[in-house]
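A short write-up of the structure that comes next.
The values are calculated or read from the model by the stated rules, or taken from the named source; none is laboratory data. As the structure is a prediction and not an experimental result, all values here were calculated from the model. Every residue, glycine as well, gets a Cβ built from its backbone with ideal geometry; the counts of neighbours run over all protein chains shown. Heads up: the accessible areas ignore ligands, DNA and RNA and are worked out on the full protein's heavy atoms, side chains in. Shrake-Rupley method; radii C 1.70, N 1.55, O 1.52, S 1.80 Å.
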Amino acid sequence: MQKLSGKNLALVGFTLFSMFFGAGNLIFPPHLGAQAGSSFLPAFLGLAISAVGLPVAGVVAVAHAGGLDRLAGRVHPMFARWFMILIYLSIGPCLAIPRTASTSFEMLVPLLGGGREQQLLYSALFFGAAFLVALRPDRLTDWLGRILCPCLLGLILVLFAGCLAAPPSAAAGAPAAEYASLPVVQGILYGYQTMDALAALNFGAVIALNIRGRGVTGAAEVEKGTVHAGWIAGGLLLVVYAMLGWAGVLTGAAYPGCDTGAQVLTALAEHLFGKGGLLLVAGIFIIACFNTCVGLIACVGQYFHGLLPGLSYPVLAAFFAAASMLISNLGLAGIIRLSTPVLGALYPVAILLILLSFVPGLEKRRGVYPLCIGFAAVQSIAAALPLGPVTAAANAVPLAAAGFGWVLPALAGLALALAAGGADPLCRG
């Protein structure tokens, strides 16, 4: 049985990192650093939990379960179908894919100027190129892992090295109000915005396809390679987040008026390299966003091709690229506003699916997954969506003010299921 060589494993790990590391991964760590200031370390710990630990755990959970459909099917087959559709749409054309183009375009505005016509032209070129690369999902390792990922890491290292050599500030500033108390919790919630825990539930299929493209066909070896690639990607994410976050700490102290991570990195680049720094930051954003866009188009196109086999993968990939191009022209601020309630509703379910999968034997206990996840979903959906009195009641649950109102309902569902006992003869997850 052929095994994945060390070189190929590194390439696959770089590919998975490239798929993860997109718009949100660039803008949120430096913004967190700028806002957290002297509370950076506990805030970064929270970010690492939700934006590194959960995505890696998600890759591992799906690989061990044999696919997201089997993992989510532990709740109910119908739940699995609709949950997967919602996940693919959220990380696909509705939120994450459009964000890649809108974010990278904003980094070109200082160089080329803004305007609707320029944004439309840029998004057409951006998604056209991404579609062409995504046409061969089994060859993403060649593009993302071998070429674009090393380029991206090299540019980020140049920026961070410059920050260490000529720091914008000698010390961290005072934390913003939201980071003055419970910075760990704020960091966890902020990490949701990367959307990587949701993406992790779906990236495994494309990574497995690339591993098979390297000549590895055994199911056990494919699973092992996917898990190891997850650890490599997670290690890279942690290191890059730490660099970007610390750069944000020093830049935020010197330039306290930055409202976004993009502004933080732009201020840092101009401080270090003058107007030439804008080219450096634009290059970082374009490569990172392009990598993620390609990976997401491939994931979403493959999933819906399996769901609708009458439509070919190229047709679906083209459709999602075109739809994402149109939505991206809403602008970054509008997309982020739309994403907040969606992530608030879906993230608790994804977290519970991942965490429960690491407790051996729970899938055999009747009702554990349905009750635990069902109770949590009722609270998270009601709290995230504008449902009037229902939303008010959901936000009155203990821990809801901190963003964890779903925890107690989940524990109640788990306790109820365990008290009822009994194994489920239909559960083979």
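Details
- Within segment 357-368, being of a type outside the set (G, A, S), surrounded by 18 or more Cβ atoms within 10 Å (Cβ to Cβ) and touching a residue at least 40 places away in the same chain (Cβ under 8 Å) holds for E363, R365, V368.
- Checked against the criterion of being outside any helix (DSSP H, G or I) and open to solvent by less than 20 Å² (accessible area, probe 1.4 Å), segment 51-60 has no qualifying residue.
- Filtered residues of segment 392-429 (kept if at pLDDT below 90 and assigned to a helix (DSSP H, G or I)): A400, A401, A402, L418, A419, A420
- Test for L209: is it open to solvent by 40 Å² or more (accessible area, probe 1.4 Å), over 23 Å from G67 (Cβ atoms) and in a helix (DSSP H, G or I): no
- Which listed residue is part of a helix (DSSP H, G or I), at pLDDT below 80, under 22 Å from L238 (Cα atoms) and over 19 Å from the mean Cα position of the chain (by Cα), from R146, R139: R146
- Only listed residue being free of Cβ contacts under 8 Å to residues at least 40 places away in the same chain and surrounded by 14 or more Cβ atoms within 10 Å (Cβ to Cβ), chosen from A392, A396, A401, A382: A382
- Note on segment 69-114: residues that are of a type in the set (A, V, I, L, M), touching a residue at least 12 places away in the same chain (Cβ under 8 Å) and closer than 19 Å to G367 by Cα amount to 4.
- Unique residue being over 24 Å from V222 (Cβ atoms) and either buried (at least 24 other Cβ atoms within 10 Å of the Cβ) or more than 15 Å from the chain's Cα centre (by Cα) (or both) when the list is L16, L26, L11: L26
- Remark: pairs (first residue in segment 127-155, over 20 Å from F285 (Cα atoms) and surrounded by fewer than 17 Cβ atoms within 10 Å (Cβ to Cβ); second residue modelled with pLDDT of 90 or more and hydroxyl-bearing (S, T, Y); Cβ separation under 9 Å; 6+ apart in sequence or on different chains) = L135/Y313.
- Only one of L343, L371 that is in contact (Cβ under 8 Å) with a residue 40 or more places away in the chain, open to solvent by 20 Å² or more (accessible area, probe 1.4 Å) and not in a loop (DSSP other than H, G, I, E, B): L371
- Of the residues making up segment 88-117, those that are open to solvent by 40 Å² or more (accessible area, probe 1.4 Å) and closer than 16 Å to L326 by Cβ are L89, C94, R116, E117.
- Each residue in segment 231-264 was checked for being open to solvent by less than 40 Å² (accessible area, probe 1.4 Å) and at pLDDT below 90, and 3 pass.
- Qualifying residue in segment 197-204 (condition: touching a residue at least 60 places away in the same chain (Cβ under 8 Å) and either over 18 Å from the mean Cα position of the chain (by Cα) or outside any helix (DSSP H, G or I) (or both)): no
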